[in-house]
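First the structure, in the form of structure tokens, and then the observations on it.
The values are calculated or read from the model by the stated rules, or taken from the named source; none is laboratory data. Just so we're clear, the structure is a prediction, and the values are computed from it rather than from any experiment. Because the Cβ atoms are built from the backbone with ideal geometry, glycine has one as well, and the counts that use them run over all protein chains shown. The accessibility values were calculated without ligands, DNA or RNA, using every heavy atom of the protein model including side chains. Shrake-Rupley method; radii C 1.70, N 1.55, O 1.52, S 1.80 Å.
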Amino acid sequence: MNRQLNYRLVSKALFLSGALFLAGCVSIPESIKGTSATPVTDLNGVFVAPELYIGQEGRFGGRVIDVKNLQSSTQLEIAVMPLSQYDAAPELQQPSVGRLYANVMHFLDPTDYKNQYVTVVGTIKGIESGKVGEASYPFLRIDVTGMKRWTLTQQVIMPAPVMTWGYYGDGPYWGYHHGYGGYGGYPYGTGQVVPVLE
């Protein structure tokens with residue numbers, strides 16, 4: 001009985017610590033956290049039934065295609081991309097899923113934002129018709145309450161060490177191999193350079 005009780009306590013503790021660890025891994029910047037625990041992020045869902053989402057808080061991001069300075073605001077045209085669950089940055093490997101007009105209530109210099117990656121959070125206002133080239137295209141409109149402009153950088157991803165069989169000292173050795181020519185050191189193999197947003 002005691003053993004069964006201890007097993008349950010350990011299982012519960014492991015579950016809670018795992019949940020806390022996963023929660024700690026989420027690192028959404030303060031500027032785009034918004035006020036809702038679960039802002040709308042499904043652009044396609046909004047296009048299907050926009051009347052259900054008007055007035056709700058949404059979080060979307062992607063690449064800025066155009067910047068239009070108006071009398072008292074700035075309109076960003078954004079090619080929307082899926083967002084990372086970790087930090088809400090646009091997923092660089094994913095294609096665009098649609099377009100939106102993000103209305104920012106102050107001046108933004110086009111040279112600072114055009115062709116840059118951003119994530120915006122704000123109030124969903126509805127769908128309006130716009131154009132992509134000569135083609136008519138539906139745009140989501142959102143009044144921005146928070147925004148993050150991301151910096152595109154490069155990161156080197158090193159390969160994982162591999163298990164190898166060899167000799168160490170006077171006898172055979174089976175273990176992780178890191179090095180050049182089989183004798184220690186780091187890194188093992190060649191790193192891969194990948195673009196990341198920070």
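One equal scatterer on each Cα of the range 66-133, no solvent, Debye formula: the resulting log10 I(q)/I(0) at q = 0.19, 0.20 Å⁻¹ is -0.85, -0.94. Ordered from longest to shortest, the equivalent ellipsoid semi-axes for the range 26-102 are 19, 16, 15 Å, each the square root of 5 times a Cα gyration tensor eigenvalue. Enter the Cα centre distance for the pair the range 28-71 and the range 80-153, rounded to the nearest angstrom. A separation of 8 Å, based on Cα centres. Listed by chain and number, the aspartates and glutamates whose C-alpha is less than 13 Å from the C-alpha of K125, apart from same-chain residues fewer than 8 away, are E51, E57, D143. Packing, as the average of other Cβ atoms within 10 Å across residues, places the peptides 98-107, 58-67, 119-128 in the order 58-67, 119-128, 98-107, highest first. Computed from backbone phi with θ = phi - 60° and the Karplus coefficients 6.51, -1.76 and 1.60, the 3J(HN,Hα) list for the range 93-108 is 7, 9, x, 5, 10, x, 10, 9, 9, 9, 9, 9, 7, 7, 6, 10 Hz; x is used for glycine and proline. The distance between label points at F47 and Q93 comes to 2.3 nm (points 7 Å beyond Cα on the Cα→Cβ vector). Divide, for the range 107-164, the radius of gyration over alpha carbons by 2.2 N^0.38 Å, where N is the residue count. Taking the Cα Rg and dividing by 2.2 N^0.38 Å, one obtains 1.85. For the pair K131 and D66, the difference between a 0.36 nm per residue extended length and the Cα-Cα distance amounts to 22.2 nm. Rolling a 1.4 Å probe over the heavy atoms of the protein chains gives the range 35-98 an accessible area of 52 Å² per residue.
Using a probe of 1.4 Å, the accessible surface attributed to S73 totals some 10 Å² when neighbouring protein chains are kept in position.
Could you tell me the calculated FRET efficiency between S27 and H106, based on Cβ-Cβ distance and R0 = 30 angstrom, to the nearest 0.05? Calculated transfer efficiency: 0.70. Legend: calculated FRET efficiency, Q56 to M158, from the Cβ-Cβ distance at R0 = 45 Å, rounded to 0.05, equals 0.60.
At a 1.4 Å probe, what is the % contribution of carbon and sulfur to the accessible area of the range 50-95? Result for the range 50-95: 46 percent of the exposed heavy-atom area is carbon or sulfur.
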